[in-house]
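Participant: Here it is, the structure in full.
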Amino acid sequence: MNPTTTPKLPNTKLFINNKWVDPITKNHFDTINPTTEEVICQISQADKPDVDLAVAAARDAFENGQWSKMSATERGGLMYKLADLIDKNRDWLAQLETIDVGKPYTVARDADVAESAQTIRYFAAWADKIHGKVIQSAANHLTSYTRHEPVGVAGFIIPWNYPLQILCWKLGPALAAGCTVVCKPSEITPLTALALCDLVIEAGFPAGVFNLVNGPGPTVGEAISRHPDIDKISFTGSTRAGRQIMAASGASNLKKVTLELGGKSPNIVFDDADLARCVQGSIDAIYPNMGQCCCAGSRLYVQEGIYDVFVEKFIALAKNLKLGDPFTQIDQGPLASEAHLKNVLNFIETGKKEGAKVLLGGARAPMKGYFVQPTIFADLRDDSCIGTDEIFGPVVCIFKFKTVEEVIQRANNTQYGLAAGLWTQDISKAHRVEKKLKAGTVWINDYNYTHFLIPFGGYKQSGFGKDLSEYAIQEYCSVKAVILNH
Ligand code: NAD
C-alpha cells in the first residue's frame, strides 16, 4: 500500500471511560506537521477538572468495574486483541506518526508500530504468570507468602520522540499487572495515542481501563503528578521535568515513580575495533530518529591509534545521510517541532562560540520543515556546554583518548547514566570496561538495540525503574507479605 501523507485523523477529544468527551473549558491546541510546518488539526486540551474525571473513571474501573473482576488470563486475552489491532492498523498508525513526529514512514511502520504490537503481546503473555512466593523457612509455626497486587491507577506522561512505542512500553506491563491508566501524551505528538483509544474500545476493554487527556506538561502533566488518587507515575522525558514530577508526587501522596530521563551517552571506539562495523555502528548510535533518542551515542570517544582514519570514514558516511520528506526513501526527517529546532540550533551556535571545530554540518538545512544538517564537532573540551548537555538532535561530539582507564573516567564524568557503547575485538577488555561503566544499558559492538525481553532504564540522573522485560512488571505491582500464625 502506498502511504498517504493525509491519513484519516483520529478523534481529537478527550477519552474518558471509553467515551470521547469535550474538555470542560472547550480549549484546544494545534498539532503541527514538522515537514510542512502546517497545522494538522486541533486537539482538545484538558485542564485539571478533566484530569479529575479521568482519574475517577480509572479508579472506579480499578476498584469496582468489570476489569477488577476479570481473571488475569482474560486481561491477557484483551491485550492480545489490542496487539493484533495495532498490527492490523500498522500503516495508518505509521502515517499518523510520520506526519506528527516527522520520522521516516518505513521506520515508523516497521520499527515503532511493529514493536508496539510486539510489546503489548509480550506483556499479554505475562498477565497470568505474575506470581508471589511461598516463604517456607521463616518459622515453623508460620505460613508466609507474597502476593503481587496491581499498584492501582497509573499515570503515564509520554514524550514526543517515540510517542506510540513508549506508550506501549508502559501500557503493556501496567495492564498485565491489572492497573488502570490515565495517559498524557506529549502535546507535540498526540495523534497515535488518540488512535490507540479507538483500538482499545474495539479490543473490548471495559470502560475506564485506559483514559487519555491531552495538554501541556505544566498543567495537565502537573495535575497527574500531583493527583492524590493516582498511585503510580511512569514518566519518560527530560531530567528537568522528571525532577518536577518527582517533587509534585512527593508533595501529594508519595506515589511510586518510574523515571526514564535524558542522557549524554558515551560511545567508545578502541584501536582494535572492527573499523567498518564501528564506523557504521557509531553513525547508527547518533543519527536515527534525527538524533532525538534518549540513549543516543552523542559523546563519541575514539582512541588515538584509530582516530584519523575513523573520523575520515565517519564524516564520509554522515555526509551521505539523506534528508527529506519522511514519506520518501530518506535517512533523516525534520526535528519534531519548531521549538526543538531552535534548541538544537542554539546548541550548535554555542558549540561554535566555545571554539569546537565543525567537521560537518552546523546549520539548519536549506529546505522547508524543521531540518538540521547532520553535525559533527571535534576538538572540544569535555566540560564544554555541547560536550555535557543533552542536545537531542543530529549532533555528535568527537573526543580523542589514549588509555582505557582515561576513557572510563571521562565516559563516567556526567550527571547522566542512561546508556553507553563500546567497540573492541578484545572480549576481556569489553567485559572489564563494561563493568566500570555507570549506565543502565551497555552495548558491546552494537548500539541502540532495544527489545521487549531486555530491561531499559537509567542510572544516576537518567532516572530509575525499568521499562520492558519482566522487570517492568514489578514497576506496576505492590508486593504484599502475608504471614499466617497456625
Ligand atoms: P519533556 O520532559 O519536556 O516532556 C515529556 C513529557 O513530559 C511531555 O508529555 C510533557 O508535556 C511532560 N511534561 C513537561 N513538563 C512537565 C511537568 N512539569 N510536569 C509533568 N509533565 C511535564 O521532554 P521531551 O522534550 O518531550 O522529550 C525529550 C526528553 O525525553 C529528552 O531529555 C530525552 O532524553 C528524554 N527521553 C528519555 C527516554 C528514556 O527512556 N530515558 C526516552 C525518550 C526520551
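Participant: Pairs under 9 Å by beta carbon, first residue without any contact (Cβ under 8 Å) to a residue 60 or more places away in the chain in region 342-367, partner β-branched (Val, Ile, Thr) and assigned to a loop (DSSP other than H, G, I, E, B), six or more apart or different chains?
Facilitator: 343/391; 344/391; 347/391; 348/391; 351/391
Participant: Inside region 2-107, counting only helices (runs of 4 or more DSSP H) that do not spill past its ends, which hold 1 or more residues that are more than 25 Å from residue 225 (Cβ to Cβ) and touching a strand residue (DSSP E or B) at 6+ places or on another chain (Cβ under 6 Å)?
Facilitator: 90-101
Participant: Limited to region 453-486, what total is found for residues that are among the hydrophobic types (A, V, I, L, M, F, W, C) and surrounded by 20 or more Cβ atoms within 10 Å (Cβ to Cβ)?
Facilitator: Summing the residues that are among the hydrophobic types (A, V, I, L, M, F, W, C) and surrounded by 20 or more Cβ atoms within 10 Å (Cβ to Cβ) in region 453-486 gives 5.
Participant: Where residues in region 226-238 are buried (at least 16 other Cβ atoms within 10 Å of the Cβ) and out of contact with any strand residue (DSSP E or B) (no Cβ under 8 Å at 6 or more places or on another chain), which of them is farthest from residue 152 (Cα to Cα)?
Facilitator: So the residue we want is 238.
Participant: Tally time: how many residues in region 181-227 are farther than 26 Å from residue 91 by Cα and basic (Lys, Arg)?
Facilitator: Final tally of qualifying residues: 1.
Participant: Here is a follow-up. Which of the residues spanning region 434-485 are within 14 Å of the ligand (Cβ to nearest atom) and of a type in the set (Val, Ile, Thr)?
Facilitator: Listed by number, the residues that qualify are 441, 450, 454.
Participant: Here's another thing I want to ask about it. Among the candidates 241, 251, 203, single out the residue that is over 21 Å from residue 121 (Cα atoms) and touching a Leu at 6+ places or on another chain (Cβ under 9 Å).
Facilitator: Going through 241, 251, 203 in turn, the sole match is 241.
Participant: Here is a follow-up. Counting residues that are buried (at least 24 other Cβ atoms within 10 Å of the Cβ) and touching a residue at least 24 places away in the same chain (Cβ under 8 Å), which strands (runs of 3 or more DSSP E) fully inside region 123-225 reach at least 2?
Facilitator: 153-157, 180-184, 210-212
Participant: Just the residues that are surrounded by 21 or more Cβ atoms within 10 Å (Cβ to Cβ) and in contact with a helix residue (DSSP H, G or I) (Cβ under 7 Å, 6 or more places away or on another chain), please, taken from region 348-389.
Facilitator: Matches in region 348-389: 351, 356, 370, 372, 374, 375, 376, 377, 386.
Participant: From 465, 458, which residue is closer than 23 Å to residue 287 by Cα and among the small types (Gly, Ala, Ser)?
Facilitator: None of the other options fit; the residue is 458.
Participant: Continuing with the same structure: Based on this model, can you work out whether residue 248 counts as near the ligand (Cβ under 8 Å from one of its atoms), at pLDDT 95 or above and among the small types (Gly, Ala, Ser)?
Facilitator: It is true that residue 248 is near the ligand (Cβ under 8 Å from one of its atoms), at pLDDT 95 or above and among the small types (Gly, Ala, Ser).
Participant: Determine whether residue 187 is in contact with a helix residue (DSSP H, G or I) (Cβ under 8 Å, 6 or more places away or on another chain), more than 16 Å from the ligand (Cβ to nearest atom) and more than 26 Å from residue 469 (Cα to Cα).
Facilitator: No.
The values are calculated or read from the model by the stated rules, or taken from the named source; none is laboratory data. Values in this document were obtained by computation on a predicted structure and should not be read as measured data. Cβ coordinates were reconstructed from backbone atoms using ideal geometry, including for glycine residues, and neighbour counts include every protein chain displayed.
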